[in-house]
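The values are calculated or read from the model by the stated rules, or taken from the named source; none is laboratory data. Predicted model, so just to flag it, every value in this text is computed and none were measured. Here the Cβ is made from the backbone with ideal geometry for all residues, glycine too, and neighbour counts use every protein chain on show. Note: accessible area is taken over every heavy atom of the protein model, side chains too, but ligands, DNA and RNA are not part of it. Shrake-Rupley method; radii C 1.70, N 1.55, O 1.52, S 1.80 Å.
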2 protein chains.
Amino acid sequence: MDLRRLRALQAVVDTGSVTAAADQVGYTPSAVSQHVAALERETGAVLLERAGRGIRPTEAGRLLAEHARDLMAKVAEAEAAISALQSGNLGTLRVVSFPTAGASLIPPALAMVRQELPHVEVALRVAERDDSMPMLRQGEVDVVVTVGDFAAGEAPRDGLTWVHLLDDPYRLVLPRGHRLAGRRVIDLAELAEDDWVETMCGVGCCQEASSKAFRNAGYEPHWTVEADEYWPAQGFVAAGLGVAMIPSLGLGVLHDSVVVRRLRKDKEPVRHVWAATRPALLGNTPVKTMLRALEQAAGEHVRAMRDGPRAR
Amino acid sequence: MDLRRLRALQAVVDTGSVTAAADQVGYTPSAVSQHVAALERETGAVLLERAGRGIRPTEAGRLLAEHARDLMAKVAEAEAAISALQSGNLGTLRVVSFPTAGASLIPPALAMVRQELPHVEVALRVAERDDSMPMLRQGEVDVVVTVGDFAAGEAPRDGLTWVHLLDDPYRLVLPRGHRLAGRRVIDLAELAEDDWVETMCGVGCCQEASSKAFRNAGYEPHWTVEADEYWPAQGFVAAGLGVAMIPSLGLGVLHDSVVVRRLRKDKEPVRHVWAATRPALLGNTPVKTMLRALEQAAGEHVRAMRDGPRAR
DNA sequence: CGATCGGTGCACAGTAGTTGCATGGGCTAT
DNA sequence: ATAGCCCATGCAACTACTGTGCACCGATCG
C-alpha cells in the first residue's frame, strides 16, 4: 500500500471526480486512474464504478478513502512531531556536569534554555569526567560539562565535539585577618608555612592543576582538614584552620569572614572547562541552544571575575 | 513520506542494526541505509548516529519509528477493513423490492443472507420499478427485485446485471361457495359474468399481464371494489364481493373462506420477476449472497406452488 | 596489528510511475 | 435525433526511483 495511491483515492472520493482529484494532487487524470486501478488490484476490491460520464466511489472505495484520511492525519502528526522536535518544542535535553559547574555555570545556562525552549524537558545530572564521558559516548546523555586536561584550542580529536567554555583560575581564600589579606596578588611560595584546608572535589581530576602549582612553588602544603566541597572549605578557612586554594567557579557564594585573592598571573593554576557533545547532535536545537547558553554563561562568569569587586 | 522507508526505519530502531533490519524487511543493508538517509533528508533530522561499529537511533529516530509503528497499525487496520468488507463481514446491503416480493420472496432470502453474513447490515425498502431502477443506477441501493416486462433469457442490455428469479403466475381466488370452486383449472372466459375485486398494487406495472389476459379472454371485467393490497382483496372475495386474480407471490397467507384455482396453462398470465444489480457490485460478497439467496427462495416458491396442497 | 564486522557511498540494472495521446461511452444542446 | 463535448481509461514512451553489488572506511576483537 502506497501513501500516494491512498492520497489519490481520497482525492477522488472527496471530489467525486478523477479529473478534479488529479488537479488536487497535481497529477494527470491518467495517473490518478492508474493509481486507483493499482489499489483495486492490491485490495481485490472495486473502489470506483462508472456513473454516467463520471465515476462514483463504491462502499469499499469510501471505506478505504476514510482510512486514507486517517493515515494522512497520522503522517501529518508524525511530521509535526519531528519538526517540533527539530525546532526544540519537544524532547528531552540530558546534561551532565561536574559538581562545581553545577553551581555557577549550569544554572544561568539552564535558565536561558528553558526560556528559549520552554517545551524542552531538561534532565540534569552531576558526575565526574570518568563517569560522564562514557555516558555521552553511549548516548545516555547529550551534553557533558567537564574539566579537561587540555587547553583551549587543543580539543582532542576523539570523535566528540568539544566546546571550550572558560579557563577557571584557582584563587586563594584567606581568613579576613590573615597577614597577606591586604595584598591583591599573592605568590604561592609565600604560603609555604601556612596550614591548608584540603578540598576534595570528588575523584580529584580537578586537583591536578593545583597540585602542580604546589610542586612548582617548591613545597607540599601542610593539610589540616579535608573538605568534601568548596563551600564548607570556606567555613574551615573562616574558622582559622588554614588557607585554601579554590577554583573561581567554586566561589559563587562567599563566607563573610574570608577574602579572595589572586595568585601571580604567571603561576596561576587553571582548570580548563569544556562542554562536549556527539557530532550527531549538532543539528539538535536543544543541544545547540545549551552549548550557546553555556558559552554565554561562561563569558559572563569571566567578566564577573575580572570586574567583580571581590576579585573572584 | 513513504511507508517502505518508515518500515525500514522502524526495523532499524527495533533491531538496533541496519543489517538486522535489512534481513527483517528483505532488503540489503545498503537499501535500508539509503532509505533512512532519504528520511533524514526529508525531515531534516538526524535519525541514526554511528555508535562503535553499529548505529544508535537518535531521539528523532525513535520518535519517527514510533509514529511509523502507528502508521503500520493503521495500514493493517485499513487492509483488514477492506478484506472484511470483501468477505462480507462488514458493510450494508441495500435492497429494494416491489411490494409482493417483499412478502414472499424477500423474507427467506434475507434470512439466508443474515445467517451467512451475520455482520452485514441489511437495509430493505419497498418501491415500484419506476422508483427503484433510478435508485439502483444512482448507487443508492445495491440490489433491486422487480417485475420486468421481459421474459427469462431476454434480459435487456442496459448496463445492469439482471438475474431471472421466477415467472410468477396469476391465480384465481374464489369464494368457497363459488360455482367453479370445485374445478382445479379454470378458463378465464368462464368468469366473464362474475363481479371482480380489483387489486391495485401501487402504480400497476404488475397489472399489465393481467389486463392482457382479460383482453385475450375477450371481455372487460366488472369491477366492484378496489383493494390496495392483495391481502385485503382476499377479504373482499371471502365477503362475496366478487372473484380476484392475484399473483401467486401475493398468496403467501390465505383467507379461510377462499379457494385458489389455476388458470388454463396456455392462457396463464405471469409476472416476470427479476433481480438487478450494477455490474460493479458482482464482486461484492453481500450482493452475490443476496442474489444467490433470492434465486434459491424463488426456486423454493416455485416448488411449493407445484407441490403445495392448495395449488398456490 | 591484522582480520572481521557493520554501515555507507557509488554505479548500474530493473522497475515503477508519470505523461501525452487516442479511444470509447455518456450527457447535452441544438 | 444527432453532433459535440466531457470524462475516465488504456497504451506507448519516457523519466525517476529503487534495490543490488561492490568497494571503502571506521571500529572492534583476537
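Residues of segment B:65-93 that are of a type in the set (Gly, Ala, Ser) and within 7 Å of another protein chain (Cβ to nearest Cβ): B:Ala78, B:Ala81, B:Gly91. Does at least one position in segment B:51-63 carry a residue that is within 12 Å of DNA strand C (Cβ to nearest atom), open to solvent by 40 Å² or more (accessible area, probe 1.4 Å) and modelled with pLDDT under 90? The answer is yes; a qualifying residue exists.
When the residues of segment A:31-42 are filtered to those that are buried (at least 19 other Cβ atoms within 10 Å of the Cβ) and either out of contact with any strand residue (DSSP E or B) (no Cβ under 7 Å at 6 or more places or on another chain) or of a type in the set (Asp, Glu) (or both), the one that is farthest from the other protein chains (Cβ to nearest Cβ) is A:Val32. Within segment A:109-160, the set of residues being polar (S, T, N, Q) and touching a Phe, Trp or Tyr at 6+ places or on another chain (Cβ under 7 Å) comprises A:Thr146 only. Of all residues in segment B:214-247, exactly one satisfies the criterion of being buried (at least 18 other Cβ atoms within 10 Å of the Cβ) and at positive phi, namely B:Gly242. Do the conditions hold for B:Ala81, that is, is it in a strand (DSSP E or B), open to solvent by 10 Å² or more (accessible area, probe 1.4 Å) and at pLDDT 90 or above? Criteria not met by B:Ala81. Those residues that are buried (at least 24 other Cβ atoms within 10 Å of the Cβ) and closer than 17 Å to B:Arg306 by Cβ, I need them from segment B:248-266; list them, please. Answer for segment B:248-266, where residues must be buried (at least 24 other Cβ atoms within 10 Å of the Cβ) and closer than 17 Å to B:Arg306 by Cβ: B:Ser248, B:Leu249, B:Leu251.
Rundown of residues vs (1) within 16 Å of DNA strand D (Cβ to nearest atom); (2) facing chain A (nearest Cβ under 10 Å); (3) surrounded by fewer than 22 Cβ atoms within 10 Å (Cβ to Cβ), yes/no style:
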site: B:Val12; (1), (2), (3): yes, no, no
site: B:Ala21; (1), (2), (3): yes, no, no
site: B:Thr28; (1), (2), (3): yes, no, yes
site: B:Val95; (1), (2), (3): no, no, no
site: B:Ala101; (1), (2), (3): no, no, no
site: B:Ile106; (1), (2), (3): no, no, no
site: B:Leu110; (1), (2), (3): no, no, yes
site: B:Arg114; (1), (2), (3): no, no, yes
site: B:Leu117; (1), (2), (3): no, no, yes
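Against the criterion of being surrounded by fewer than 21 Cβ atoms within 10 Å (Cβ to Cβ), more than 30 Å from A:Glu220 (Cα to Cα) and within 28 Å of the chain's Cα centre (by Cα), A:Ala297 does not qualify. Here A:Leu136 fulfils each of the conditions (1) in contact (Cβ under 8 Å) with a residue 24 or more places away in the chain; (2) open to solvent by 10 Å² or more (accessible area, probe 1.4 Å); (3) assigned to a helix (DSSP H, G or I); (4) under 30 Å from B:Pro57 (Cα atoms) apart from (2). When restricted to residues that are more than 10 Å from DNA strand D (Cβ to nearest atom) and assigned to a loop (DSSP other than H, G, I, E, B), segment B:30-68 contains 5.
Modelled with pLDDT of 85 or more and more than 19 Å from A:Asp167 (Cα to Cα) - does that describe any residue in segment A:212-220? Among the residues of segment A:212-220, at least one is modelled with pLDDT of 85 or more and more than 19 Å from A:Asp167 (Cα to Cα), which makes the answer yes.
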